[in-house]
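**Q** Supplied in C-alpha cells, the structure appears directly below.
The values are calculated or read from the model by the stated rules, or taken from the named source; none is laboratory data. Quick caveat: nothing in here was measured; it's all calculated off a predicted structure. Glycine gets a Cβ as well: all are built from the backbone with ideal geometry, and neighbour counts include every protein chain shown. Heavy atoms of the whole protein, side chains included, go into the accessibility calculation; ligands, DNA and RNA do not. Shrake-Rupley method; radii C 1.70, N 1.55, O 1.52, S 1.80 Å.
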Amino acid sequence: IDWFTLLFFSGCAFVIWVVWIAMQTGVPAKPAANVARLAPGFEPDFAWALLLPALLASLLWAWLVAWRVGRHRSAIWKSMVLPAGGATLCWLLLMTLWLPLLDHARSHRQLLDQVKQLTQRDGCIEVQALARGQIAALRHVGQFDLETHSATGRCRWLLLGVGTPADREFAFARDPRQWEPLPMNARVESREAVRLLRRVTATP
C-alpha cells in the first residue's frame, strides 16, 4: 500500500508539473495542444507567488519519498503520512500551478469580462432566469447592481437566461423597438447560456 501511494501521488504530481510546463513553454506540444483545445482563449501568466509554494511542496514530497524508500520502515505512522502528504501535495499543486487554468475553464469570469466590456459598467442590470451561480458572480465578484426584470424597470441592460420558459416568453412578447440584443463572445454565449439586451427606448 505504501508503494502504491508513493507511485500514485508521485505520478499525479508529475502530470500536473508537465502540463504546467507545457502551458508556459509550449513543450511538450501535445499537453499544450490539449490545454488550448479544452480551454480556448486561455493565456498563461507566470507568477512566482503560485510557483514557490508548488516548488516547496514538491521538495517536501521528494524528501518524504526518500525517507520512505530508505531504512525508516518501522515507523507506525508512516502509512498515514504518505497518503495525507500525497493528497495535500496534489491539492496544493492544483490550487497553485493550475489555478489560473481552472479559473478560466470553470468560473464565470469570462461572462463578467464580457458584461463589463459591453455595458461599460453603465447603470444597473436587470436579470431574469439566470442560475444562482451566475447571479452570485455578477453581484459579489463583478460588483454589478442587479435587479429582477420587470416591464417598468429602470435598468438599461437585461441579462436573460437562454432556453428557459422566461426566455421564450420574453422573446414572444419583446418589442424590438425597446430591446436590442448585443453580440457576445460565442463561447461565453454557449457556455453561460445567456443573452444581453440593451434598452433602446426610455421607460415611461
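**Q** Please verify whether the range 91-105 includes one or more residues that are touching a His at 6+ places or on another chain (Cβ under 7 Å) and of a type in the set (A, V, I, L, M, F, W, C). Before you say what the answer is, go through the steps one by one.
**A** Initial filter on the range 91-105 (touching a His at 6+ places or on another chain (Cβ under 7 Å)): none.
Checked the range 91-105: no residue is touching a His at 6+ places or on another chain (Cβ under 7 Å) and of a type in the set (A, V, I, L, M, F, W, C).
**Q** Give the number of residues within the range 152-181 that are modelled with pLDDT under 70, part of a loop (DSSP other than H, G, I, E, B) and either in contact with a helix residue (DSSP H, G or I) (Cβ under 9 Å, 6 or more places away or on another chain) or open to solvent by less than 90 Å² (accessible area, probe 1.4 Å) (or both).
**A** Residues meeting the conditions: 3.
**Q** To continue, here is another question. Picking from LYS116, LYS78, which residue would you name as being modelled with pLDDT under 85, over 12 Å from the mean Cα position of the chain (by Cα) and surrounded by fewer than 16 Cβ atoms within 10 Å (Cβ to Cβ)? Let's see the steps before the verdict.
**A** Details: LYS116 fails: modelled with pLDDT under 85.
Exactly one residue qualifies, and that residue is LYS78.
**Q** With GLY26, GLY41 as the choices, which residue is modelled with pLDDT under 90, within 23 Å of ARG106 (Cα to Cα) and either open to solvent by 30 Å² or more (accessible area, probe 1.4 Å) or in contact with a helix residue (DSSP H, G or I) (Cβ under 6 Å, 6 or more places away or on another chain) (or both)?
**A** Values: GLY26 fails: modelled with pLDDT under 90.
Result: GLY41 is the single residue among GLY26, GLY41 that is modelled with pLDDT under 90, within 23 Å of ARG106 (Cα to Cα) and either open to solvent by 30 Å² or more (accessible area, probe 1.4 Å) or in contact with a helix residue (DSSP H, G or I) (Cβ under 6 Å, 6 or more places away or on another chain) (or both).
**Q** Then there's this: Can you name the number of the only condition in (1) touching a residue at least 40 places away in the same chain (Cβ under 8 Å); (2) within 28 Å of ASP45 (Cα to Cα) that CYS155 fails?
**A** Every listed condition holds for CYS155 apart from (2).
**Q** Still on this structure, please answer the following. I need the full set of residues from the range 1-57 which are in contact with a Pro (Cβ under 9 Å, 6 or more places away or on another chain) and of a type in the set (Ser, Thr, Tyr), in order please.
**A** THR5
**Q** On to the next question. Can MET95 be described as within 30 Å of ARG187 (Cα to Cα), open to solvent by less than 50 Å² (accessible area, probe 1.4 Å), part of a helix (DSSP H, G or I) and of a type in the set (A, V, I, L, M)?
**A** no
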